[in-house]
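Presented below is the structure to which this report refers.
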Amino acid sequence: MFNLILFGPPGAGKGTQSAKLIDKYQLVHISTGDLFRAHIQQETELGKKVKALLASGELVSDAITIAMLEEEIGNHPAARGFIFDGFPRTVAQAEALDKFLEGRGDKIGTVIALDVDEDELRKRIAERHKVSNRPDDAAEKLVKRIDEYFGKTIHVLPFYEGQGKLRHVNGIGEIDAIFSELCQVIDEHLK
Ligand code: AP5
Ligand code: MG
């Protein structure tokens with residue numbers, strides 16, 4: 001098993017790069033944001049609970065998010081590994097993930113942080129807002145998403161740094177060039 005966390009602020013390119021990485025490494029992509037949006041679209045009970053939170057850019061509670069994540073991992077018994085995108089977003093989520101994986105005789109291999117500055121994030125999301133149907137891409141909602149990132153999520157980095165698993169990749173530039181850098185980091189780990 002190889003499990004990768006692709007970490008980064010809103011608009012860092014986690015989804016874009018995950019789509020390429022799953023092809024190359026035959027991993028299962030788990031994006032908690034995508035899962036929440038699917039629940040909202042299907043109007044499930046969970047979807048009804050989290051709809052307003054996603055629209056506002058606030059984080060969903062750890063309890064709800066962890067339960068959904070664990071269920072999704074369980075849905076892929078034949079997986080060769082996972083890319084976690086947008087999870088964990090709090091230290092409590094990181095601890096829960098470690099514990100859950102450990103219970104399966106598994107662990108996180110590498111955590112790659114995609115580094116992108118705020119100006120670039122704002123530009124990317126503003127551009128996508130012209131064509132996306134994500135209510136949280138509106139400029140005033142993006143402010144909240146960035147606040148949540150710097151207030152809560154960034155504290156996950158020292159957690160993995162302490163485990164010696166954290167790597168950084170510059171997330172600015174051509175998508176294919178960033179992908180190559182990610183592959184180098186992963187290949188180094190898999191060697
Ligand atoms: P989530 O769906 O995870 O959203 P996010 O992290 O805020 O950010 P994005 O998905 O918009 O960005 P991304 O990094 O995937 O970048 P992308 O590849 O799309 O979460 C949404 C919400 O769900 C949260 O706010 C919260 O409410 C809830 N949630 C989710 N997980 C949770 C958790 N664990 N706990 C609690 N709540 C949770 O790229 C962005 C744009 O940039 C695209 O248009 C793309 O084409 C473009 N782009 C990508 N790469 C480049 C590049 N190199 N150069 C130029 N443009 C680029
Ligand atoms: Mg995404």
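The values are calculated or read from the model by the stated rules, or taken from the named source; none is laboratory data. It should be emphasised that the depicted structure is a prediction, and the values quoted were computed from it without experimental measurement. Neighbour counts run over all protein chains shown; Cβ positions are idealised from the backbone, glycine included. The protein model used for the area step is the full one, side chains on, heavy atoms only, and it has no ligands, DNA or RNA in it. Shrake-Rupley method; radii C 1.70, N 1.55, O 1.52, S 1.80 Å.
For the chain, what is the mean residue ellipticity at 222 nm derived from helices alone (per DSSP H run of n ≥ 4: -39500 (n - 2.57); sum divided by total residues; nearest 500 deg cm²/dmol)? Theoretical 222 nm ellipticity from helices: -17500 deg cm²/dmol. How fast does segment 77-147 diffuse by Stokes-Einstein, in µm²/s, taking the Kirkwood radius from C-alpha pairs at 37 °C and 0.692 mPa s? The diffusion coefficient I find is 221 µm²/s. Working note: Karplus 6.51/-1.76/1.60 with θ = phi - 60° gives segment 88-97 the couplings x, 10, 9, 5, 4, 5, 5, 5, 5, 5 Hz, where Gly and Pro are set to x. For segment 58-118, the orientation-averaged shadow of the C-alpha convex hull comes to 5.1 nm² (one quarter of the hull surface). Roll a 1.4 angstrom probe over the protein heavy atoms and tell me the percent of accessible area of the chain that is carbon or sulfur. Result for the chain: 51 percent of the exposed heavy-atom area is carbon or sulfur.
Please give the Cα centre distance for segment 107-166 versus segment 35-59, rounded to the nearest Å. Result: 19 Å between the Cα centres. Taking the square roots of 5 times each eigenvalue of the Cα gyration tensor of segment 17-89, largest first, gives ellipsoid semi-axes of 23, 13, 11 Å.
Longer than 29 Å from Cα to Cα, which of Lys107/Lys144; Lys107/Lys152; Lys20/Lys107; Lys20/Lys191 are they? Say none if no pair is. Result: Lys107/Lys144 exceed 29 Å. When you filter the GluC sites (Glu not before Pro) in segment 38-105 for DSSP loop state and at most 10 other Cβ atoms inside 10 Å of their Cβ, you are left with Glu43. Here segment 163-191 is scanned for amide nitrogen atoms under 19 Å from the site 7 Å beyond the Cα of Glu127 along Cα-to-Cβ, giving 170-181. In order along segment 37-47, the Karplus-derived 3J(HN,Hα) couplings, from 6.51 cos²θ - 1.76 cosθ + 1.60 at θ = phi - 60°, round to 5, 5, 4, 5, 5, 7, 6, 6, 4, 4, x Hz, and Gly and Pro are given as x. Here is the P(r) of segment 1-149: all C-alpha pair distances, binned every 10 Å from 0, give 11, 40, 37, 12, 0 in whole percents. According to the Kirkwood relation over distinct C-alpha pairs, the hydrodynamic radius of segment 1-44 is 11.7 Å.
With each label modelled as a point 7 angstrom along the Cα→C-beta vector, the Ala79-Asn170 pair spans 3.2 nm.
In the frame of its principal axes, segment 131-191 has Cα extents of 43, 30, 16 Å, reported largest first. Ordering 14-20, 83-89 by mean Cβ neighbour count within 10 Å, with the highest value first, yields 83-89, 14-20.
Using the 1.4 Å probe convention, the accessible area of the chain works out to 52 Å² per residue with neighbouring protein chains retained.
Here r is the Cβ-Cβ distance between Asp117 and Ala92 and R0 is 35 Å; the resulting FRET efficiency, rounded to 0.05, is 0.80.
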